[in-house]
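Peer 1: Take a look at this one; I'll ask things after.
Every number in this text was worked out from the coordinates using simple rules, so none of it is lab data. Small disclaimer: the values here were computed from a predicted structure and weren't measured. Methodologically, a virtual Cβ is constructed for each residue, glycine included, from the backbone with ideal geometry; neighbour enumeration extends over all protein chains shown.
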Amino acid sequence: MFCHEGGSPFDAAQVRYGFQKIAKAAGLGDGWVPRELRHTFVSLMSNHGGVAIEKISDLVGHSSTAIIEIIYRHELRPVIRDGAQAMDKIIVFKSA
């Protein structure tokens, strides 16, 4: 998927290194790894109505839905809601 100019593929370490450089340059920090894109993709697709879990599994190259359902599928809405509720307790706005 990722190749040198001559066509030979990057090894896993080279892909991670390049990805981390891009993430850091984008202001995301240096702890990101490429597999997080897969997790994000699956989470976004699974939370979007009308996208069957079988289709998501096909799109990420899995032969069954088991891995998607067990490992990759992260429910975003509860996390966002829980995070927002926690921030409401931390940040108290006072009216002027």
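Peer 1: Return the equivalent ellipsoid semi-axes of segment 2-64 as a descending list in whole Å, where each equals the square root of 5 times an eigenvalue of the C-alpha gyration tensor. It would help to have the intermediate numbers written out before the result.
Peer 2: Numbers: eigenvalues 143, 60, 14 Å².
Square roots of five times the eigenvalues give 27, 17, 8 Å.
Peer 1: Just to confirm a number: summing +1 for Lys and Arg and -1 for Asp and Glu over residues other than Gly29 whose beta-carbon lies under 15 angstrom from that of Gly29, what do you get? Working shown, then result.
Peer 2: Numbers: positive: Arg16, Lys21, Lys24; negative: Asp30, Glu36.
Taking every Cβ under 15 Å from that of Gly29, the sum is +1.
Peer 1: Let me ask you something else. Met1 to Val51: extension gain in nm, 0.36 nm per residue of separation minus the Cα-Cα distance? Show your work: numbers first, answer last.
Peer 2: Details: separation 50, 0.36 × 50 = 18.00 nm, distance 2.51 nm.
My answer for the length gained is 15.5 nm.
Peer 1: Ok, one more. Give me the net charge for the shell around Val15: Cβ to Cβ below 12 angstrom, other residues only, Lys and Arg +1, Asp and Glu -1. Provide the component values of the computation, followed by the final result.
Peer 2: On the way: positive: Arg16, Lys21, Arg35; negative: Asp11.
Within the 12 Å Cβ shell, the charges total +2.
Peer 1: Right, something else. Arrange the following residues from fewest to most other Cβ atoms within 10 Å of their Cβ: Phe41, Phe19.
Peer 2: Numbers: Phe41 14, Phe19 17.
Ordered by Cβ neighbours within 10 Å, fewest first: Phe41, Phe19.
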